[in-house]
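Notes follow the structure.
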Amino acid sequence: MTAESALSVTSPDYSVLVVDHFHRPRNAGEFPPGPGIRRTQAGNRQAGAEVSLSVRIAGDTVAEVRFQAFGCPHFLAATSLATERLAGMPVEALGRWTAGELGRELGVPVEKRGRLLILEDAVRAAAQ
């Protein structure tokens with residue numbers, strides 16, 4: 001069974017938003033090293049979830065975020081959605097960012113919400 005066939009829009013385990021971001025992730029990749037680029041990493045593959053963020057800063061604002069991630073469909077969708085939502089935020093706000101709202105919006109089951117803390121760690125590290 002392929003990942004694509006396992007994740008149908010009618011799957012009771014995944015919302016339409018999860019399926020959309022899983023099949024069409026936004027902002028995947030990374031920026032080359034350079035001025036205004038911050039890179040962070042959190043989690044590890046052995047534990048089941050890992051994310052690397054590449055954040056382009058313009059002045060005091062997050063201009064753009066790209067990601068590379070490994071994990072379940074909920075984690076990948078949350079990371080993709082986060083990259084869209086983080087763009088335009090003040091850099092200092094990254095230090096207080098939480099993934100709780102994303103988890104609720106995506107319908108992440110309670111037993112998987114701990115993985116969203118890995119995403120929080122990577123985002124918060126970009127504030128420094």
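Computed values, structure above
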| read-out | value |
| --- | --- |
| Matching residues, the stretch 45-68, being touching a Ser or Thr at 6+ places or on another chain (Cβ under 9 Å) and either at pLDDT below 95 or surrounded by fewer than 21 Cβ atoms within 10 Å (Cβ to Cβ) (or both) | S52, E64, R66, Q68 |
| Evaluation of N27 against (1) on the phi < 0 side of the Ramachandran plot; (2) modelled with pLDDT of 95 or more (one fails), failing number | (1) |
| Filter result for the condition that a residue is among the β-branched types (V, I, T), within 13 Å of H21 (Cα to Cα), touching a residue at least 12 places away in the same chain (Cβ under 8 Å) and in contact with a strand residue (DSSP E or B) (Cβ under 7 Å, 6 or more places away or on another chain), over T40, T83 | T83 |
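Residue-by-condition table, conditions (1) among the basic types (K, R); (2) under 22 Å from Q46 (Cβ atoms); (3) touching a Phe, Trp or Tyr at 6+ places or on another chain (Cβ under 7 Å); (4) surrounded by 15 or more Cβ atoms within 10 Å (Cβ to Cβ):
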| site | (1), (2), (3), (4) |
| --- | --- |
| H74 | no, yes, no, yes |
| T79 | no, yes, yes, yes |
| T83 | no, no, yes, yes |
| L86 | no, no, no, yes |
| E92 | no, no, no, no |
| R96 | yes, no, no, no |
| E101 | no, no, no, no |
| G114 | no, yes, no, no |
| I118 | no, yes, no, yes |
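The values are calculated or read from the model by the stated rules, or taken from the named source; none is laboratory data. A quick note: this is a predicted structure, and the numbers were derived from the prediction, not measured. In this analysis, Cβ positions are derived from the backbone assuming ideal geometry, glycine residues included, and neighbour counts consider all displayed protein chains.
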